[in-house]
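The values are calculated or read from the model by the stated rules, or taken from the named source; none is laboratory data. The shown structure was predicted, so the numbers you read here are calculated from the model rather than taken from an experiment. Every residue, glycine as well, gets a Cβ built from its backbone with ideal geometry; the counts of neighbours run over all protein chains shown. Ligands, DNA and RNA are stripped out before the accessible areas are found, and what is left, the full protein with its side chains, is counted by its heavy atoms. Shrake-Rupley method; radii C 1.70, N 1.55, O 1.52, S 1.80 Å.
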Amino acid sequence: MSLALYGHPFSSYTQKVLIALYENGTPFEFRCLGPDTPQHAAEWLQRWPLRKFPLLVDDERNVVETSIIIEYLQLAHPGPVRLLPADPMAALDVRFLDRFFDLHVMSPMQYAVDGALTGDPVKRKEGLAHAATKLELAYAWLEGQLAGRTWAAGADFTMADCAAAPSLFYADWTHRISEAFPVLRAYRARLLARPSFARAVDEARQFRPLFPLGAPDRD
Ligand SMILES: N[C@@H](CCC(=O)N[C@@H](CS)C(=O)NCC(=O)O)C(=O)O
């Protein structure tokens with residue numbers, strides 16, 4: 001077995017897959033997409049010209065899209081932690097929540113980040129306003145959804161939590177989860193305390209100055 005992950009430690013979608021790998025102690029080589037290793041970017045683009053990361057390479061097989069990567073890992077390299085439940089209906093709930101975090105938390109957060117990255121103050125303001133509106137809706141829905149639950153889909157840590165951790169981490173930096181949402185705040189804190197995500201956060205700490213909206217002095 002030879003698994004390699006192309007990505008960047010500070011990238012939210014890379015972290016989503018790192019959590020899955022760390023949860024199961026799956027051996028892999030991390031190939032950082034950074035200025036010190038231009039050959040990694042060349043290999044990545046040759047394998048996936050659509051320019052999205054992370055990319056998982058398993059021998060000669062290329063696997064992209066984080067949810068597909070996590071499902072692939074469970075099929076091809078299963079470990080002790082099942083990130084997709086065996087029961088098909090329970091698995092459907094997990095897939096829905098995974099979609100929710102990607103589409104309704106990660107996307108608005110990334111929109112604001114992209115606006116700030118332009119360097120144009122108008123686009124930055126517009127991006128932040130858009131994110132605030134969308135994230136408030138998502139936070140309010142999650143507050144009800146997570147009530148009485150330890151993890152997003154219930155008692156077990158799943159792929160939905162892999163998606164939730166980096167998305168809520170950066171969403172809160174973008175548009176703070178207010179005290180009106182105590183259940184969601186507590187869930188985010190539980191995610192930060194989970195060893196797999198705590199490790200990903202620590203590995204990315206040195207890159208915080210890159211956060212274009214300004215990283216807060218917490219977490
Ligand atoms: N739906 C994709 C999203 C991946 C994604 O947007 N990754 C970001 C990094 S966090 C990226 O590739 N950004 C580069 C770009 O959009 O050009 C997935 O789940 O893998």
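Remark: pairs (first residue in segment 1-20, closer than 18 Å to Leu50 by Cα; second residue acidic (Asp, Glu); Cβ separation under 9 Å; 6+ apart in sequence or on different chains) = Leu5/Glu29; Tyr6/Glu43; Tyr13/Asp102.
How many residues does segment 32-44 hold that are open to solvent by less than 50 Å² (accessible area, probe 1.4 Å) and either within 12 Å of the ligand (Cβ to nearest atom) or touching a residue at least 12 places away in the same chain (Cβ under 8 Å) (or both)? Summing the residues that are open to solvent by less than 50 Å² (accessible area, probe 1.4 Å) and either within 12 Å of the ligand (Cβ to nearest atom) or touching a residue at least 12 places away in the same chain (Cβ under 8 Å) (or both) in segment 32-44 gives 6.
Conditions tested, residue by residue: (1) in contact with a strand residue (DSSP E or B) (Cβ under 8 Å, 6 or more places away or on another chain); (2) under 28 Å from Pro195 (Cβ atoms); (3) part of a helix (DSSP H, G or I).
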{"position": "Thr14", "(1), (2), (3)": "yes, yes, yes"}
{"position": "Ala20", "(1), (2), (3)": "no, yes, yes"}
{"position": "Gln39", "(1), (2), (3)": "no, no, yes"}
{"position": "Ala42", "(1), (2), (3)": "no, no, yes"}
{"position": "Val57", "(1), (2), (3)": "yes, yes, no"}
{"position": "Tyr72", "(1), (2), (3)": "yes, yes, yes"}
{"position": "Ala86", "(1), (2), (3)": "no, yes, no"}
{"position": "Phe96", "(1), (2), (3)": "no, yes, yes"}
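Considering only segment 197-211, state which residues are farther than 15 Å from Ser167 by Cα and not basic (Lys, Arg). Within segment 197-211, Asp202, Glu203, Gln206, Phe207, Pro209, Leu210 qualify. Summed over segment 105-123, the residues that are open to solvent by 90 Å² or more (accessible area, probe 1.4 Å) and in contact (Cβ under 8 Å) with a residue 24 or more places away in the chain give a count of 1. Reported count of residues in segment 58-76, each being open to solvent by less than 30 Å² (accessible area, probe 1.4 Å) and either more than 15 Å from the ligand (Cβ to nearest atom) or over 19 Å from the mean Cα position of the chain (by Cα) (or both), is 1.
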